[in-house]
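Participant: Sharing a structure with you now.
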Amino acid sequence: MEGVAPAVSLFRSRASARFPIFVAADSGAARRSPRKGRSRVSRRTLETSPPGAAGSSAGRKHGSTETAPRRSGITRVPKLGPAVSTKRAGRSKDPHINLEVSHHRAVAAVRLLRIEKGKAFADLLNEKTNDSGDNEMGYVERTLGFRTRYLEDRDIRLVTVIVAGTVRWKRYLDYLIMSLCTEEKMFREMEPLLLQILRIAFFEILKLDVPAYAIVDENVSLAKAALRPGAGNMVNAILRKLILLKETNSLPLPNIEGDDRAQARALSIIYSHPVWMVRRWIRFHGKDDTLRLMNWNNSDPHFSLRVNTSKGYTRADLVKRLESLQVHYEESIMDEFVRIREGMQAVLQAGLLKDGMCAVQDESAGLVVSVVDPQPGETIIDCCAAPGGKTLFMASRLSGQGKIWALDVNKGRLRILMDAAKLHSLNDMIHDIHADLRLYAKETTAKYDKVLLDAPCSGLGVLSKRADLRWNRQFEDLEELMCLQDELLDSASTLVKPGGILIYSTCSIDPEENEKRITAFVKRHPEFAIQSVCGYVPAEFITDEGFYSSNPTKHSMDGAFAARLVCSILGAPQGHN
């Protein structure tokens, strides 16, 4: 990524050396003024903000329930769930707490710093939202030297929206920030925290329905409190330039002209994707489909819920609960699934996942299970099972008859899978194997009716949900992944019974991770033949070669791929159960 910010440690030394405004949380004592020896805690940190003041969430449009145009490419301010935590009131006499700085922006800025260091993901939303608030405020205190008002559950959702959107649009935002700096060097040498504050503000101004004056005031206040007054002045000047350009419809954009490389570079800025991805997608999918795909990746993701039929629930039961929570839904093409665009916070707080009524799972993954077609009485091994969504769904389709072995190299993730199996009342049917598939295949003599290899891949089909993934993937990664996929396919093939089925799947839309891996495998293993997925998934998902393929822009779900391979009885390596 061009314009990568310098190490995070730099801003700490710069900020605290000149303007130690607040008491550091871990110091144990107030910092002393070099002149009078008194604590230089800002007077405003001891005051409480009146409703509607800068730093307060009152009077904002963050709670708006208006519906935005469907998949417009503009991130919406979230529709908030009905339940709001009141664990803390957010008011304290502790001088470490700054009640005027925008609390969710402070958390967002610090989390963005952590994401760039590879120590955090973009999504804060989980089942333990109160713990998330505590954890994030701890990071804020350790990084900035002060705390802000406590994060309520609705704030966590808002932070997730801001962080995910800022990460998605990072390349475009950086292009604009650099364009509005007086010189390129100013951008290149910008302190990491200051850059994150500007990114947040640019994203809010360009993509969220929030009053511009509030965005300017609160991000300026954050820059002054976390860094120094001069940083706040710089933020103020740059943001006012941006607002003027937006109002006059004169935002700078690169020209889409020149050779293929130059055009891909311009498109990568406008749509905020790595250049190598843009070039690769244009090569495989064409320019128009590439533009649609990038728009999809930059828009708000929707989520699918799969009802847990193994505990006796039906989709009608799940729909009834969603209606009681006032969560809007759409029924899926798959009987066990419903889609929701907003309201995940309400689903989590109502305990629907914790109680085992449903699980979050994309329909693309559900269709992979349809390709496997688990039947009662079968023995199945899931070779790269964690986190376990497909394992659980396959087990639920066995109707209590049959066994599934969940193999994974990651012991911690395997433990989470088994906990989920117990929650879904499927633990008697699922057995875990902690091992590297390549070593396990050499040592075991076990054979299975069906072998699922949901292989490690680039994840290029799930970029809408994984905001940070596009920046964590390099072109060189694909070559390494393809070698690994070949190794795992070779190993998985030795576990198939004569006449059994090997299923290879990915959450990628890249042909070299999908179709070409199968073509190469069949050449190496003539005892396996491609079997069409016709009859297992709807016709719209079947390719000319007989593979399953979901496309985000065509099917409004994650991109995924699966192939069925039948092991010939005569050519199969022999073994026993």
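The values are calculated or read from the model by the stated rules, or taken from the named source; none is laboratory data. Everything quoted here is computed from the prediction, not taken from an experiment. In this analysis, Cβ positions are derived from the backbone assuming ideal geometry, glycine residues included, and neighbour counts consider all displayed protein chains. Protein only, heavy atoms only, side chains kept; ligands, DNA and RNA dropped before computing areas. Shrake-Rupley method; radii C 1.70, N 1.55, O 1.52, S 1.80 Å.
Participant: Enumerate the pairs (first residue in segment 362-383 and at negative phi and among the β-branched types (Val, Ile, Thr); second residue anywhere and part of a helix (DSSP H, G or I) and open to solvent by 20 Å² or more (accessible area, probe 1.4 Å)) with beta-carbon separation below 8 Å, excluding pairs fewer than 6 apart on the same chain, so at least 6 apart or on different chains.
Facilitator: Qualifying pairs under 8 Å: Val368/Lys390; Val369/Lys390; Val372/Lys390.
Participant: Of all the residues that make up segment 288-336, how many are of a type outside the set (D, E, K, R), free of Cβ contacts under 8 Å to residues at least 60 places away in the same chain and over 26 Å from Arg466 (Cβ atoms)?
Facilitator: 6
Participant: Additional query: Tell me which residues, restricted to segment 398-418, are touching a Ser or Thr at 6+ places or on another chain (Cβ under 6 Å) and within 10 Å of His434 (Cα to Cα).
Facilitator: Within segment 398-418, just Ala406 meets the criteria.
Participant: Which of (1) in contact with a strand residue (DSSP E or B) (Cβ under 9 Å, 6 or more places away or on another chain); (2) within 25 Å of Ile162 (Cα to Cα) does Asn298 not meet, given it meets every other one?
Facilitator: (1)
Participant: Hey, another quick one. Are there any pairs, at least 6 apart or on different chains, whose C-beta atoms fall under 6 Å, with the first in segment 499-520 and farther than 21 Å from Trp281 by Cβ and the second part of a loop (DSSP other than H, G, I, E, B), and if so, which?
Facilitator: Once the first residue is farther than 21 Å from Trp281 by Cβ and sits in segment 499-520, its partners that are part of a loop (DSSP other than H, G, I, E, B) give Gly499/Ile569.
Participant: Quick test for you: out of Phe528, Phe561, Phe547, pick the one residue that is outside the structural domain of Glu116 (by the TED database), open to solvent by less than 10 Å² (accessible area, probe 1.4 Å), farther than 24 Å from Arg283 by Cα and of a type in the set (Phe, Trp, Tyr).
Facilitator: Phe528
Participant: Now for a separate question. What number goes with the only condition from (1) within 19 Å of the chain's Cα centre (by Cα); (2) open to solvent by less than 20 Å² (accessible area, probe 1.4 Å); (3) at pLDDT 95 or above that Leu367 does not pass?
Facilitator: Status for Leu367: all satisfied but (1).
Participant: Also, quick follow-up: Return the residues of segment 253-275 that are surrounded by fewer than 16 Cβ atoms within 10 Å (Cβ to Cβ), without any contact (Cβ under 8 Å) to a residue 12 or more places away in the chain and not in a loop (DSSP other than H, G, I, E, B); say none if nothing qualifies.
Facilitator: Within segment 253-275, Ala262 is the sole residue that qualifies.
Participant: Something else: Can you pull out every residue in segment 427-485 that is of a type in the set (Gly, Ala, Ser) and under 20 Å from the mean Cα position of the chain (by Cα)?
Facilitator: Selection gives Ala455, Ser458, Gly459, Gly461, Ser464, Ala467.
Participant: Only residues that are among the aliphatic types (A, V, I, L, M) and surrounded by fewer than 19 Cβ atoms within 10 Å (Cβ to Cβ): list them for segment 209-233, please.
Facilitator: Val210, Ala212, Ala214, listed by residue number.
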